[in-house]
Amino acid sequence: MPPHPVPETIETDRVIVRTAMPGDGPIFNRAVLSSLPELSPWLGWVRTPPSMEDSEASCRRAYEKFLALEDMMAFIFSKEDGELIGGSGLHYMDWTLRCFEVGYWGRTGYVGKGLITEGVRALADFALDGLKANRVFLTTDNANMRSWRLAERAGFELEGILRNERLDLDGKPRDTRVYARVPNR
């Protein structure tokens, strides 16, 4: 069997980006619960606070999908203190087109230091260079300025704003910003 094309860990100067694994439920749960006020307006999976069991089950499913090359739910850890400071990942992996979606979230208390940006940039760089991606993209609610500014700092370019493209978490139409990075070949 050939080696897995996506490493479990990617390191930068200040962060470690690592795939979610069985046993990560407690640290994942603590990070999410400590950040609910900032995350819940944007992320449907935290509207109802997850239990410890929910978080562990999510990590176990994520690792199975990682091994199957279907998805990579990743955590971002601070090298300075070892804390889980946020998450990212490569989602909707299209291996034929070599196209991957990036997602991310930051833990309260660690946002605004450039650490999540550094982790997202490292993951996108790996997808473009290591996986020979033709496209790495993300979508964000137009109202979530923090998210789209992070995308821009991580080197993503705005491709457009899709008006009334989907419903927000309150069921109202929202505008969606689409960002992408493509290789410089």
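The values are calculated or read from the model by the stated rules, or taken from the named source; none is laboratory data. Everything quoted here is computed from the prediction, not taken from an experiment. All Cβ positions, even for glycine, are placed from backbone atoms using ideal geometry, and neighbour counts span all protein chains on display. With ligands, DNA and RNA removed, areas are computed over all heavy atoms of the protein, side chains included. Shrake-Rupley method; radii C 1.70, N 1.55, O 1.52, S 1.80 Å.
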task: Would you mind getting the accessible area per residue of the chain, heavy atoms of the protein chains only, 1.4 Å probe, in Å²?
output: 53
message: Quick check: from the Cα gyration tensor, does region 88-185 come out rounded (a/c under 1.5), prolate or oblate?
response: oblate
Heavy atoms of HIS91: accessible area, 1.4 Å probe, square angstrom to 10: 40
task: With the Cα gyration tensor of the chain in hand, give its eigenvalues times 5 under a square root as the equivalent ellipsoid semi-axes, listed largest first in whole angstrom.
output: 22, 22, 17
Heavy atoms of ILE10: accessible area, 1.4 Å probe, square angstrom to 10: 20
- prompt: Over the chain, what percent of the accessible surface lies on carbon and sulfur atoms, probe 1.4 Å?
  reply: 52
- request: Set the Förster radius R0 to 25 Å, insert the Cβ-Cβ distance between ASN142 and HIS4 as r into 1/(1 + (r/R0)^6), and round the FRET efficiency to 0.05.
  value: 0.10
message: Considering only C-alpha atoms, what is the centroid distance from region 10-34 to region 82-138, in Å?
response: 13
field: Amide proton proximity set for ALA74, modelled H, under 5 Å, gap of 5+
entry: ALA20, SER88, GLY89, LEU90
query: Once the piece of chain linking THR96 and MET21 is laid out straight, how much longer is it, given 0.36 nm per residue of separation minus the C-alpha distance between them?
result: 24.4 nm
- prompt: Considering only protein heavy atoms, what is the solvent-accessible area of LYS172 at a probe of 1.4 Å, reported in Å² to the nearest 10?
  reply: 120
